[in-house]
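The values are calculated or read from the model by the stated rules, or taken from the named source; none is laboratory data. Source: prediction; values computed, not measured. Every residue, glycine as well, gets a Cβ built from its backbone with ideal geometry; the counts of neighbours run over all protein chains shown. When the accessible area is computed, the model is the full protein with side chains, heavy atoms only, and any ligands, DNA or RNA have been set aside. Shrake-Rupley method; radii C 1.70, N 1.55, O 1.52, S 1.80 Å.
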Amino acid sequence: MKRGAPRAVLPEPVRRMAGHELRVFASFGMWAARRRHGVPAGASAFPYARGQALMMYAFAFVCAVETFGMWALLRDYPVLHRVTLVLDVYTVVMVLGLHAASVTRPHVVTREALRVRRGAHVDLRIPVERIAEVRRENRFTHTPREGELNLDVGAQTSITIELTEPVRYLTLLGRPKEVGVVRLHAEDPDQLARALDRVRQARTRPSPVLDRPG
C-alpha cells in the first residue's frame, strides 16, 4: 500500500481524531518523565491544567467505579462483559490522558510568537506582531461568538488577547476558522501578561544606530 493511501481513504475528521488520540497517549510518557511538549530553549512556559485537575481525577474515579459495577453485573454475559470492560477501561485511560496532555502542553511565549494550547486538541500559534492588546480579565461565562476562541479551564479564562488581524485556527475535526480575539487561562496570568509585554516591546524597540567609521 502506498504511503499516501490512508490519507486518500480516511476522511479528514477521522484522521484528525486518530492523531488526537495518539497525542493523548504520547502525553502519558511525557507526564511520567516530567517533560513538556513544544517548549524550546529560551522560551517561557505557562501551565493551566491545575484548575481542572480535581475535576478530571473525580471523573476518572467515577468511571473506574462504573467499570467495576458493570464488570460485576455482566459476569454472566461473557461477550457483552468483555466489550463493556474494554470500553470502560478505555474511557478511564482517555480521561487521564486528556489531563496528561494538558499538563505536558502548556502555553508558550517565545520572541516570535505566543503558542496557546488546550490539551492535545488546540494548538494555535499567534505571531507577536499580530497581538494588539493583552488584558488581565477574569471571565466565568463564555458565549460562543464568531471570530472568538475561548480556551477556558474550569469555565474560567484570565487573559484576553485582541489581534490586529485574524489568525487561522483549525478545530478538532479540521474545520478552519478565523479568530481575532483569544481568551485563555493560565495559573499565573500576570506573569504571562508581563512576558507578552516584554516580547512585544522588544520587537518594537528601535535598533541602535552604529557610529560610522571616521
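Every residue in region 113-138 that is farther than 21 Å from residue 197 by Cα and touching a Ser or Thr at 6+ places or on another chain (Cβ under 6 Å), please.
Passing the criteria: only 119.
Looking only at region 33-73, filter to residues that are within 21 Å of residue 193 (Cβ to Cβ) and aliphatic (A, V, I, L, M); which one of those is least open to solvent (accessible area, probe 1.4 Å)?
Per the stated criteria, the residue is 49.
Counting only residues that are within 15 Å of the chain's Cα centre (by Cα) and among the polar types (S, T, N, Q), give me the strands (runs of 3 or more DSSP E) lying completely in region 63-167 with at least 1 of them.
In region 63-167, 148-151 are the strands (runs of 3 or more DSSP E) which contain 1 or more residues that are within 15 Å of the chain's Cα centre (by Cα) and among the polar types (S, T, N, Q).
Out of region 173-191, which residues are open to solvent by 50 Å² or more (accessible area, probe 1.4 Å), part of a loop (DSSP other than H, G, I, E, B) and within 29 Å of residue 11 (Cα to Cα)?
173, 175
On the basis of being surrounded by fewer than 16 Cβ atoms within 10 Å (Cβ to Cβ), modelled with pLDDT under 90, out of contact with any His (no Cβ under 9 Å at 6 or more places or on another chain) and aromatic (Phe, Trp, Tyr), does residue 25 make the cut?
It is false that residue 25 is surrounded by fewer than 16 Cβ atoms within 10 Å (Cβ to Cβ), modelled with pLDDT under 90, out of contact with any His (no Cβ under 9 Å at 6 or more places or on another chain) and aromatic (Phe, Trp, Tyr).
Residues in region 24-67 that are touching a strand residue (DSSP E or B) at 6+ places or on another chain (Cβ under 9 Å) and not aliphatic (A, V, I, L, M): how many?
Here the count works out to 11.
Of these, 163, 149, 170, which one is open to solvent by 20 Å² or more (accessible area, probe 1.4 Å), under 28 Å from residue 22 (Cα atoms) and hydrophobic (A, V, I, L, M, F, W, C)?
Working: 163 fails: under 28 Å from residue 22 (Cα atoms); 149 fails: open to solvent by 20 Å² or more (accessible area, probe 1.4 Å).
So the residue among 163, 149, 170 that is open to solvent by 20 Å² or more (accessible area, probe 1.4 Å), under 28 Å from residue 22 (Cα atoms) and hydrophobic (A, V, I, L, M, F, W, C) is 170.
For region 192-214: of the residues being open to solvent by less than 100 Å² (accessible area, probe 1.4 Å) and within 17 Å of residue 131 (Cα to Cα), which is modelled with the lowest pLDDT?
Here the residue is 202.
Cβ contacts < 7 Å: first residue in contact (Cβ under 8 Å) with a residue 12 or more places away in the chain and more than 22 Å from residue 45 (Cα to Cα), restricted to region 10-34; second residue open to solvent by 70 Å² or more (accessible area, probe 1.4 Å) and of a type in the set (A, V, I, L, M), any location; separation 6+ or different chain. Result?
Going by the 7 Å Cβ cut-off, the qualifying pairs are 13/173; 16/173.
Do we find a residue being over 30 Å from residue 29 (Cα atoms) and aromatic (Phe, Trp, Tyr) anywhere in region 168-181?
no
What are the residues in region 119-132 that are on the phi < 0 side of the Ramachandran plot and open to solvent by less than 60 Å² (accessible area, probe 1.4 Å), if any? Steps first, please.
If we filter region 119-132 for residues that are on the phi < 0 side of the Ramachandran plot, which is where we start, we get 120-132.
Hits for region 119-132 are 120, 122, 124, 126, 127, 128, 131, 132.
Using the structure shown, decide if residue 157 is open to solvent by less than 60 Å² (accessible area, probe 1.4 Å), at pLDDT 95 or above, of a type in the set (Ser, Thr, Tyr) and over 30 Å from residue 64 (Cβ atoms).
Yes, satisfied.
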